[in-house]
Structures are given as C-alpha cells and as structure tokens.
Amino acid sequence: MQLSLIICLYNSERYITETLQSVMQQTMQDFHLLIVNDCSTDKSIEIVKQFFAKNQRQYELVSFKQNQGIGYARHFAERHATTPYLMFLDADDILKPDAIENMYRKITSDKD
C-alpha cells in the first residue's frame, strides 16, 4: 500500500455519508483510509461507524480528546500515516469515481 486517504472530520454529519460513498465507489481501493476526528460534537462518528458496519472496508479512526483545529489534524495525519503518498479529502467533498486512481497514476509517473 502506497497511499493514505485522509479525512479530517469535525461536525460533518450532513455530508459525511456522501463523502464516504464516493470513497467506496473509487476504481482504486488499495489505499489506507485514515479518518481523524477533531472532537466532533454532532453525530459524525456514529454515522461513520454505521456506514462501515454496512459497507465492509478497513479504515482507521483516530479521535482527539479536545478540538485542535484543521491544521493540527492534518499535521497529525502527516506524522501518523505510514505510506509515502498522502491525499487529503475534506469531510464534505465528493470524489469522481476515478479520482484516486488518476491522481495516484500521475504522482507515481512523475519521477520529480
């Protein structure tokens, strides 16, 4: 596995299901899915857990004990990930089905 897809999550209950559906529809699935919960106070985490109970996929969920902000969450994810390539996806974004595959192909084809 060469790529980590990272979703930093904070109070995104309105959008996270659609975001996760777009992740599940990717043509390339060989990536580590890391979800960093920045102390959400809504039902975001329950929605994530319910989604993956119905849609089998490995993922890692890390939850902070207090809100740290998006900059901290992304920096944490950079240090925590073990893959050479990282891709960040906001919790309210929707990917086209071939987005990860296309970006991965592009970055691995460029030697610089």
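The values are calculated or read from the model by the stated rules, or taken from the named source; none is laboratory data. Owing to the predicted nature of the structure, the values given are computational and were not obtained by experimental measurement. Please note: Cβ atoms are built from the backbone with ideal geometry, for glycine as well, and neighbour counts cover all protein chains shown. Surface accessibility is based on the protein's heavy atoms, side chains included, excluding ligands, DNA and RNA. Shrake-Rupley method; radii C 1.70, N 1.55, O 1.52, S 1.80 Å.
In the stretch 16-68, which residues are assigned to a loop (DSSP other than H, G, I, E, B) and among the charged types (D, E, K, R)?
Selection gives D30, D38, D42, K43, R57, K65.
Looking at the stretch 69-109 only, could you name the residues that are over 30 Å from T41 (Cα atoms), outside any helix (DSSP H, G or I) and open to solvent by 80 Å² or more (accessible area, probe 1.4 Å)?
Listed by number, the list holds a single entry, P84.
Restricting attention to the stretch 44-59, which residues are in contact with a helix residue (DSSP H, G or I) (Cβ under 7 Å, 6 or more places away or on another chain) and hydrophobic (A, V, I, L, M, F, W, C)?
I47, V48, F51, listed by residue number.
Can you tell me which residue among E18, E78, E46 is within 13 Å of the chain's Cα centre (by Cα) and free of Cβ contacts under 8 Å to residues at least 24 places away in the same chain?
The match here is E78.
For the stretch 22-43, which positions are open to solvent by 20 Å² or more (accessible area, probe 1.4 Å) and in contact with a helix residue (DSSP H, G or I) (Cβ under 8 Å, 6 or more places away or on another chain)?
Within the stretch 22-43, T27, M28 qualify.
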